1. I'm a student and want to see the number: the projected area of the Cα convex hull of region 50-185, averaged over all directions, in nm².
2. Hey, what's region 189-289 come to in accessible area per residue, 1.4 Å probe, Å²?
3. How much of the accessible area of region 189-289, probe 1.4 Å, is carbon plus sulfur, in whole percent?
4. Under a Cβ-Cβ cut-off of 14 Å, what is the net charge of the residues other than ILE195 that fall near it, where Lys and Arg count +1 and Asp and Glu count -1?
5. Measuring from centroid to centroid over Cα atoms, what is the spacing of region 226-241 and region 148-211 in Å?
6. Measure of size requested: the Rg and Dmax of region 189-289, with Cα atoms as the atom set and Å as the unit; please supply both.
7. Give me the percent of the accessible area of region 96-184 that comes from carbon and sulfur atoms, probe 1.4 Å, all protein chains in place.
8. State the antiparallel share, in %, of DSSP beta bridges confined to region 72-187, rounding to the nearest 5.
Amino acid sequence: MATAAEHHHPELETIMDPVPTSPLLTLTAPAPFADETSCQCQAPHEKLTIAQARLGTPVDRPVRVYADGIFDLFHSGHARALMQAKTLFPNSYLLVGVCSDDLTHKFKGFTVMNETERYEALRHCRYVDEVIRDAPWTLTPEFLEKHKIDFVAHDDIPYSSAGSDDVYKHIKEAGMFVPTQRTEGISTSDIITRIVRDYDVYARRNLQRGYTAKELNVSFINEKKYRFQNQVDKMKEKVKNVEEKSKEFVYKVEEKSHDLIQKWEEKSREFIGNFLELFGPDGAWKQMFQERSGRMLQALSPRQSPTSSPTRGRSPSRSPSPTFPWLPNKTSPPSSPKAASASISSMSEGDEDEK
């Protein structure tokens, strides 16, 4: 059977915590500010060890964990650090301190976001139960007692500032420090470095979006240069679009030409086949021509009459006509149409002589 520890959900424990002010606000509304609400811890604030806190004691109140920082350009690295601080113990209440602009500019440097923007960014993080504005740079016993803080969560790398090698040194010595892990590859300094490196790109983009050169702190010459570069980029984009459309058109023409050539080849092969079938050496036209030629020759050169056919009667007193070698034989069939004609002519003359 599964134990309660196997189904542990820190967010649900915050909802089920019997604290007067409902922590449901952390999931449905921004986290409250510390100076706008009373302290959440009603029981006597007894000092806890880390071992006791990991066991989920005391049962009558959550373990109050404090995390502080600048939180400029709030990003996923900040959120992951707060998530770790929130889930350090089974039942915890996360207070987040945010330093003001005056302290930050004095000890660290200028920020991109002002303090109000940084406060609001923390209020909308799901792991934050309460936000402390104008948090101190160095934690004092009075501050820890005022907010009933049990433990302080931060990465374990020594944080040197305000003349100290590690501003959390006294917290570590008191046994109140719990380390979290930094998220590599993302930080406020990395984001600012990207902006500085690509400053021209962002300046040109914002000029194109309608920001003025004064708002961007851009000189007159740089403004003209950026606007000219924007025009050049637009022309490049148009040329690129024309080239892509031209390539697409050429591809379609080539595809259409290929189809036309393929159909032309098919039709050509079909035409040549039909031509050879009609006019080739063994084609239908040759056979038809031979058949017609045979019929014409047969009509012009009829076959010889049979010998048994009756002959024209002659008078017995007529003597046979003399034989002349230069005349054709009447009984032999003519070898050609001209011979047949000559034979018929000679026969007519002989008949006239006889008459």
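The values are calculated or read from the model by the stated rules, or taken from the named source; none is laboratory data. These numbers come from a predicted model, not from an experiment. Here the Cβ is made from the backbone with ideal geometry for all residues, glycine too, and neighbour counts use every protein chain on show. For accessibility, only protein heavy atoms count, side chains too; no ligands or nucleic acids. Shrake-Rupley method; radii C 1.70, N 1.55, O 1.52, S 1.80 Å.
1. Details: hull surface 32.8 nm².
Projected over every direction and averaged, the Cα hull of region 50-185 covers 8.2 nm².
2. Numbers: 9030 Å² over 101 residues.
Computed with neighbouring chains in place, this is 89 Å² per residue.
3. Values: 5340 of 9030 Å².
Result for region 189-289: 59 percent of the exposed heavy-atom area is carbon or sulfur.
4. Values: positive: ARG194, ARG197, ARG204, ARG205; negative: ASP72, ASP190, ASP198, ASP200.
That works out to 0.
5. Between the Cα centre of region 226-241 and that of region 148-211, the gap is 38 Å.
6. Spelled out, the Cα radius of gyration and Dmax of region 189-289 are 33.0, 100 Å.
7. Numbers: 2330 of 4690 Å².
The value for region 96-184 is 50 percent carbon and sulfur by accessible area.
8. On the way: 1 of 9 bridges.
Of the beta bridges lying entirely in region 72-187, close to 10 percent run antiparallel.
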